Amino acid sequence: MAEDRAVDAGPSPLVAGSLAVTLLSLTWLGTNWFHPWSPSLLGWVFPLLSAAIATVAARRAGTTVGIAPAARRFWRTGGAAALLIVVALLSNAWDAVGTPGAPTQAISGRTLGLYVAGMIVTLWALLRLPGTARPGGPHRGRFLLDASAVVITTGLLGWHVAFRNIDDWAGTAASGATVLSTVLLASVAVLTLMKLAVAGVGAVDRRALHLLAIAAAVGAAGGAAAPLMAGHPHVSDAHLTVPLTMLVFTLAADSQRRAAGRNGTPATGRRPFSLVPYAAVAVTDGLLLAATARAGDGALVVAIGAVALTGVVVVRQISAAYDIAGLLRRVDATDRELRAVRGQLAHQAHHDELTGLANRRLLEERIRQAVADGLPASVVLIDLDDFKAINDRLGHVMGDALLVIVGDRMRACVRVEDTVARLGGDEFALLLVGISAIDADTVLRRVGTALDEPVRVGPHDLLVGSSMGLADAWRGADPTELLRRADLAMYAAKEQGKGRQARYEPALDARAASDAQLGADLRQALERGEFHLLFQPVVRLPEGRPVGAEALVRWQHPERGLIRPDAFIGAAERTGLIVPLGAWILREACTRAAEWLHGYGATQPWRISVNISARQLREPGFAAHVDEALRATGLPAGRLMVEVTETAVFDNGPAVEALTQISDLGVAVALDDFGTGHSSLGLLRTTPVNVLKVDKSFVDGITGGSEEVVIASAMIRLAEGLHLGAVAEGVETPAQADRLHELGYGLAQGYYFARPLPAARVGELLAAEADRQPARHRTGPPARRSGEPDARAPAGSAPLLAR
């Protein structure tokens, strides 16, 4: 097999050679028509050369790089057909000049067989050529009409030129065999036209197919014109037909070679009608005029009129075809627009409109596909911390821009085969396919690092934290269940503090079920009024006199009895019920404090403390809720102190903003459980803190271990240096109280002084303390003691713990 040849964009020298041979053959034919002056054998050299050139051109096209395999096969088969024609021409030349009675136009059965074999091979190559469409429906009907027009026209032309002179023809050739050859050539032409008109281009270059059709038509016409040469035995129709046919064949092969790399490209600007029937009409009209020219003026006039009328009808049909084509183009344009709209709707149905990420529907589909394929997969749910506060402060336009940037950062952290989705609001999800658990954790860390970087949105540099929950898929996993597990893990991460990650484990299900049941009970308990408050006094050291109280919630369950806070506060946080429960605690504590104030007088310097959860601080307008509770109960702001943990304000975000607004009302702020959380001294600079409450864990060992003493001493020194109050929590023994007093603590609370008491009992203690105060102290706060800040109170109050 010949090696493939690279594409040469220029015309082939073979075309020029074929053209030169054709011109020489026509010149020889014209000069030897009436008076032969050269040997007859010379005339056969030109057809042989043209067929040989066509063979080489076809083989060259069949070995050109860049054309389709089907086209290579076609041209290689075409080269074989051309080679058979070369052999047939040699046999034909021997018949004409090498046999007794030469020169003659008669051909032998051997020659005829070779010609027929070449045409059959060509026909076989055409039939094997794949098309771009198959005739069917209206296309099949139009094809049959076009084919019928070609067959009828070919038959009329053949009859007019050749078959009516069959008697003259019979003396110069094997009439039956020649007729058969002519019919086969005409069939090749018809089949080629059928290929172009109906089946489409396929693998072969369209221009090359047009040239092949012309070559077949030239061959058919030359065969039909053979009787015209009956009186000239020293020449043959092969001298005319073969060079012309092979020239066009060579042009077709060269067109295919130069078109490598653009095969099958659909033609643009195609006419909206087929030329086949109009060409057939034109040929038939010409035959009609030629046939009636001898019949007299009357018949000729009628024929001319018929031809003119036919022309008018043809023009009218072509005009209508263009009108219809324009309408169809508009219909096609509308159809393309509809397809584009359908594509947009399909995209919108599976993607988030804001970020362009996958939505929940597409995410679930891809989860199903990954599970069906048996691939390991992990789903990650990501929730942006405090995004709502950004939306509230900066507006939804800035919030949307932030979400787009966050989505882009997530996409940059995962692979192409992974999926990033936005499920709504500030909740995102990742689907990691074909990845191990260890690698999934690595991806989470990479995403977390990317999201921790400041985000520039307009003029603002925003810090965005994220909580992530990961769940691994299992065989037959349901997408909804997998997302639920990831959601449980994400909330478990939030409980550990912001910016955390957690992986799903079965224990989360048990806790979720318990939380659901407990959440339902809590809601009913709020409606039924099953909660009540107890108050643990805060006392002054060393004498232990009450100067305030901390409100503590208790749940009196109708079946389970008294339930302590540590059994239900966590569930209330996770279910969100801490918000209505906290609002009730705040209002109830303020109500009881107002009763103490109005019942026992305003001269005693005491304050009521209420614990506030991180979830409450994140609620929009929480400071306004505090102000409303104070106004509704009539309690001065200076009599209230809110207690928050370090974890609640560690992010320096909306929680700090809420505390600042509360402090502006005149309400004091205490940092509860100080030393057990993040213990960032920066909190004491950025948060409006008035009091540090030292956790019980540092008090327990204060009478023995030196480490606890050092820590407790450092905390009171820190509080004094920052002009803050300090309260030691969890004091249970007189030795602890004495040691705290020695270290400089002036305030404490714990079981040693009093357990949590009903509101009435605390009111009695405050009243008794007021009775013991000297009259001169009833006009202002008591003298400052060690560890106790210098008090300055709003008008009408005498705060215990203030700057």
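Here are some residues: V379, V341. Which one is part of a helix (DSSP H, G or I) and over 27 Å from P454 (Cβ atoms)?
V341
Which residues, taken from region 579-619, are of a type in the set (V, I, T), outside any helix (DSSP H, G or I) and more than 49 Å from the chain's Cα centre (by Cα)? Reasoning before the result, please.
Looking only at region 579-619, we keep the residues that are of a type in the set (V, I, T), and these are 579, 585, 591, 603, 608, 610, 612.
Next, from what is left, pick out any that are outside any helix (DSSP H, G or I): 603, 608, 610, 612.
Those that are of a type in the set (V, I, T), outside any helix (DSSP H, G or I) and more than 49 Å from the chain's Cα centre (by Cα): T603, I608, V610.
Could you please find all residues in region 667-698 being β-branched (V, I, T) and either modelled with pLDDT of 85 or more or surrounded by fewer than 17 Cβ atoms within 10 Å (Cβ to Cβ) (or both)?
V667, V669, T676, T686, V689, V691, V694, listed by residue number.
Residue by residue through region 377-397, note down the ones that are within 18 Å of R484 (Cα to Cα) and open to solvent by 20 Å² or more (accessible area, probe 1.4 Å).
As a first pass, look at region 377-397 and keep what is within 18 Å of R484 (Cα to Cα): 377-384.
Hit for region 377-397 is D383, nothing else.
Residues of region 409-430 being closer than 30 Å to V656 by Cβ, touching a residue at least 40 places away in the same chain (Cβ under 8 Å) and in a helix (DSSP H, G or I), which ones?
Listed by number, the residues that qualify are R409, M410.
Filter region 548-578 down to the residues that are part of a helix (DSSP H, G or I), hydrophobic (A, V, I, L, M, F, W, C) and open to solvent by 40 Å² or more (accessible area, probe 1.4 Å) and list them by number.
So in region 548-578, the residues part of a helix (DSSP H, G or I) come out as 565-567, 569-575, 578.
Next, only the ones that are hydrophobic (A, V, I, L, M, F, W, C) stay: 567, 569, 571-572, 578.
Those that are part of a helix (DSSP H, G or I), hydrophobic (A, V, I, L, M, F, W, C) and open to solvent by 40 Å² or more (accessible area, probe 1.4 Å): A567, I569.
Looking only at region 699-736, which residues are over 60 Å from the mean Cα position of the chain (by Cα) and open to solvent by less than 10 Å² (accessible area, probe 1.4 Å)?
I702, V731, listed by residue number.
Of (1) assigned to a helix (DSSP H, G or I); (2) within 24 Å of V420 (Cα to Cα), A308 satisfies all except one. Which?
Unmet for A308, out of (1) assigned to a helix (DSSP H, G or I); (2) within 24 Å of V420 (Cα to Cα): (2).
Report, ordered by the first and then the second residue, all pairs with beta carbons closer than 9 Å, sequence separation of six or more or different chains, a first member in region 573-601 that is at positive phi and of a type outside the set (S, T, N, Q), and a second member that is assigned to a helix (DSSP H, G or I) and open to solvent by 40 Å² or more (accessible area, probe 1.4 Å).
That search, which allows pairs on different chains as well, returns G576/R615; G601/R778.
For A795, indicate whether it is modelled with pLDDT under 90 and over 19 Å from R639 (Cβ atoms).
no
Can you find a residue that is small (G, A, S) and closer than 26 Å to S467 by Cβ anywhere in region 324-339?
no
Specify the residue that is modelled with the highest pLDDT; the eligible residues are those in region 252-281 that are in a helix (DSSP H, G or I) and open to solvent by 60 Å² or more (accessible area, probe 1.4 Å).
In this case the residue turns out to be R258.
Consider L309 against the criteria (1) surrounded by 11 or more Cβ atoms within 10 Å (Cβ to Cβ); (2) at pLDDT 80 or above: it satisfies all of them except one. Which criterion is unmet?
Against the list (1) surrounded by 11 or more Cβ atoms within 10 Å (Cβ to Cβ); (2) at pLDDT 80 or above, L309 comes up short only on (1).
Does D400 satisfy being of a type outside the set (F, W, Y) and either modelled with pLDDT under 90 or open to solvent by 30 Å² or more (accessible area, probe 1.4 Å) (or both)? First the steps, then the outcome.
Values: of a type outside the set (F, W, Y): yes; either modelled with pLDDT under 90 or open to solvent by 30 Å² or more (accessible area, probe 1.4 Å) (or both): yes.
It is true that D400 is of a type outside the set (F, W, Y) and either modelled with pLDDT under 90 or open to solvent by 30 Å² or more (accessible area, probe 1.4 Å) (or both).
Which of (1) at pLDDT 90 or above; (2) over 60 Å from the mean Cα position of the chain (by Cα); (3) open to solvent by less than 80 Å² (accessible area, probe 1.4 Å); (4) under 26 Å from W124 (Cα atoms) is the odd one out, the single condition A20 does not satisfy?
All conditions are met except number (4).
Given the conditions (1) touching a Lys or Arg at 6+ places or on another chain (Cβ under 8 Å); (2) open to solvent by less than 10 Å² (accessible area, probe 1.4 Å); (3) in a helix (DSSP H, G or I), and given that E643 satisfies all but one, which numbered condition is not satisfied?
In the conditions (1) touching a Lys or Arg at 6+ places or on another chain (Cβ under 8 Å); (2) open to solvent by less than 10 Å² (accessible area, probe 1.4 Å); (3) in a helix (DSSP H, G or I), E643 misses (3) alone.
Among residues belonging to region 742-774 that are under 9 Å from P537 (Cβ atoms) and aliphatic (A, V, I, L, M), point out the one that is modelled with the lowest pLDDT.
L766
This table checks each residue for (1) of a type in the set (A, V, I, L, M, F, W, C); (2) in contact with a Gly (Cβ under 8 Å, 6 or more places away or on another chain); (3) open to solvent by less than 60 Å² (accessible area, probe 1.4 Å); (4) at pLDDT below 90.
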{"position": "D452", "(1), (2), (3), (4)": "no, yes, no, yes"}
{"position": "P459", "(1), (2), (3), (4)": "no, no, no, yes"}
{"position": "A473", "(1), (2), (3), (4)": "yes, no, yes, no"}
{"position": "Y491", "(1), (2), (3), (4)": "no, yes, no, yes"}
{"position": "K498", "(1), (2), (3), (4)": "no, yes, no, yes"}
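The values are calculated or read from the model by the stated rules, or taken from the named source; none is laboratory data. Just so it is clear, the model here is predicted, and its values are computed rather than measured. FYI the Cβ positions are ideal-geometry reconstructions off the backbone, even for glycines, and counts take in every protein chain you see. Ligands, DNA and RNA are stripped out before the accessible areas are found, and what is left, the full protein with its side chains, is counted by its heavy atoms. Shrake-Rupley method; radii C 1.70, N 1.55, O 1.52, S 1.80 Å.
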